[in-house]
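The values are calculated or read from the model by the stated rules, or taken from the named source; none is laboratory data. Model, not experiment: these values are computed from the prediction. All Cβ positions, even for glycine, are placed from backbone atoms using ideal geometry, and neighbour counts span all protein chains on display. Ligands, DNA and RNA are stripped out before the accessible areas are found, and what is left, the full protein with its side chains, is counted by its heavy atoms. Shrake-Rupley method; radii C 1.70, N 1.55, O 1.52, S 1.80 Å.
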Amino acid sequence: MTKPTKNLRPASLLVHGGTMRSQYGETSEALFLSSGFVYDSAEQAAQTFLGEVDHFQYSRFGNPTVQMLESRLALLEGAEACRATATGMAAVSSAMLAHLKAGDRVVAARALFGSCHWIVSTLLPRYGIETEFVDGADLGQWRQALSRPAQLVLLESPSNPMLEIVDLQAVADLSHAAGAIVVVDNVFATPLLQHPLELGADVVVYSCTKHIDGQGRVLGGAVLGRKKWVEEVLQPFTRNTGPAISPFNAWLLLKGLETLSLRVDAACRSAEQVARFLEGRREVVRAWYPTLESHPQRDLAMRQMSAGGTLVTFDLGSREAAFGVLNRLGLIAISNNLGDSKSLVTHPATTTHMRLSAEERARLGITEGVVRLSVGLEDVADLIEDLGQALDGLALRAAAD
Ligand SMILES: *Cc1c(COP(=O)(O)O)cnc(C)c1O
């Protein structure tokens with residue numbers, strides 16, 4: 001049984017959207033940990049395969065728990081359809097490979113998650129797909145690259161880790177004129193803070209591993225878009241190549257969604273406070289957060305997003321200073337993950353972005369002093385205290401030298 005959830009607001013959709021209650025009337029969404037499904041008769045099996053009756057066949061194609069997750073995400077995003085995947089990278093690679101073929105052309109923002117960058121720079125050219133990177137914040141470069149026909153545009157906004165903002169509406173207009181669909185990796189904004197489909201994007205992808213689980217437990221991903229594209233382009237690819245998510249992970253993500261707005265709102269409030277604190281410290285060369293007055297694209301960020309997100313990036317001037325602060329932090333843990341209830345800190349140049357050439361890192365602004373902080377759900381006063389004592393240690397050390 002599915003109750004109508006069409007006109008509910010986001011916080012309510014996060015709790016109720018897409019729920020299918022079984023005959024037992026359970027309150028919490030049921031976990032259908034089953035790989036296959038049985039038929040009442042040979043005729044029903046035959047009709048299912050003909051598409052004449054709606055019946056689950058096999059969990060690589062569909063599963064009731066996974067379908068609840070897909071419906072909830074689609075309602076939240078305002079998308080016609082969604083397919084959940086095992087990881088965020090399965091979502092990105094499926095969306096791209098399902099749409100593209102040899103001879104096609106892809107234009108992407110340079111500032112991409114490491115594995116997304118590898119797909120564009122290394123994998124797609126192997127299959128005869130031409131790819132070109134542009135500076136995402138530079139509309140002139142988008143205009144130039146999209147003056148030739150293209151089939152797909154991939155971008156991330158805000159970007160990892162420099163929190164660069166791409167003008168989604170303007171890039172969507174240029175992309176459509178060039179014949180390309182726009183795929184937006186909306187992980188940093190979460191489904192709550194930015195709605196790329198309303199700004200002209202065609203497809204939105206998520207790593208559900210991040211804020212949607214938000215508690216560091218499981219990997220997951222999602223692709224959202226128009227029903228026709230999802231059913232005719234994406235689905236034949238995912239059904240036959242198998243990036244399916246485990247029903248157990250889908251169930252955890254459904255439960256994660258229930259608290260998404262509470263968690264994201266709290267972390268955004270803390271992140272902005274932490275960013276202002278860092279910006280005011282003399283050890284910090286520069287801090288980046290989309291809603292800081294000093295962010296070069298603040299107006300654009302505030303036009304496309306309802307809050308700045310849960311990540312803060314700052315520059316300590318050198319690798320030595322960055323490592324010094326990371327090693328002195330007590331509450332905040334060193335990890336390459338993000339979007340967790342626990343605050344996590346990363347040195348991108350030596351971890352998440354170490355595979356890029358030094359030249360490419362420089363072009364992205366990822367210097368040796370850059371630190372990325374994913375703000376979690378701790379009391380913000382404790383986070384500021386922890387950062388403060390780590391920065392104090394740096395100053396004392398410099399004074400002693
Ligand atoms: C983590 C992440 C991904 C990849 O997701 P996985 O779940 O780790 O496969 C893709 N894009 C962005 C922006 C991410 O942060």
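Observations, loosely collected:
- Across the stretch 41-87, the qualifying residues are those that are within 16 Å of the ligand (Cβ to nearest atom) and among the hydroxyl-bearing types (Ser, Thr, Tyr), and the one among them that is surrounded by the fewest Cβ atoms within 10 Å (Cβ to Cβ) is THR87.
- Each residue in the stretch 327-350 was checked for being in contact with a Pro (Cβ under 8 Å, 6 or more places away or on another chain) and assigned to a helix (DSSP H, G or I), and 1 pass.
- Selection from the stretch 351-396 of residues that are assigned to a helix (DSSP H, G or I) and of a type in the set (Val, Ile, Thr): VAL380, ILE384
- Wholly within the stretch 105-220, strands (runs of 3 or more DSSP E) carrying at least 1 residues that are closer than 27 Å to GLY256 by Cα and of a type outside the set (Phe, Trp, Tyr): 152-156, 181-185, 203-207
- Tallying residues that are open to solvent by 10 Å² or more (accessible area, probe 1.4 Å) and either over 9 Å from the mean Cα position of the chain (by Cα) or within 12 Å of LEU252 (Cα to Cα) (or both) within the stretch 204-218 yields 5.
- Of all residues in the stretch 155-169, those that are within 12 Å of the ligand (Cβ to nearest atom), over 16 Å from GLY225 (Cβ atoms) and not charged (D, E, K, R) total 6.
- The stretch 170-193, subset more than 13 Å from the ligand (Cβ to nearest atom) and closer than 29 Å to ASN249 by Cα, residue surrounded by the most Cβ atoms within 10 Å (Cβ to Cβ): PRO191
- Here GLU231 fulfils each of the conditions (1) part of a helix (DSSP H, G or I); (2) under 19 Å from the mean Cα position of the chain (by Cα) apart from (2).
- Only listed residue being touching a Lys or Arg at 6+ places or on another chain (Cβ under 7 Å), closer than 30 Å to ALA381 by Cβ and not hydroxyl-bearing (Ser, Thr, Tyr), chosen from GLY214, GLY309: GLY214
- Residues of the stretch 367-393 that are open to solvent by less than 10 Å² (accessible area, probe 1.4 Å) and under 23 Å from the mean Cα position of the chain (by Cα): VAL370, VAL371, ARG372, LEU373, SER374, VAL375, GLY376.
- Selection from the stretch 26-36 of residues that are open to solvent by 50 Å² or more (accessible area, probe 1.4 Å) and free of Cβ contacts under 8 Å to residues at least 40 places away in the same chain: THR27, SER35
- Scanning the stretch 299-310 for any residue that is among the polar types (S, T, N, Q), open to solvent by less than 30 Å² (accessible area, probe 1.4 Å), within 16 Å of the ligand (Cβ to nearest atom) and in the same structural domain as ASP213 (by TED's automatic domain parsing) turns up nothing.
- Residues of the stretch 101-116 satisfying the condition of being open to solvent by 20 Å² or more (accessible area, probe 1.4 Å) and either in contact (Cβ under 8 Å) with a residue 60 or more places away in the chain or closer than 14 Å to VAL182 by Cβ (or both): ARG110, PHE113, GLY114
- Restricting attention to the stretch 88-100 and to residues that are within 11 Å of the ligand (Cβ to nearest atom) and of a type in the set (A, V, I, L, M), the residue that is surrounded by the most Cβ atoms within 10 Å (Cβ to Cβ) turns out to be ALA91.
- If you check GLY220, GLY214 for being closer than 22 Å to ALA11 by Cβ and within 11 Å of the ligand (Cβ to nearest atom), only one passes: GLY220.
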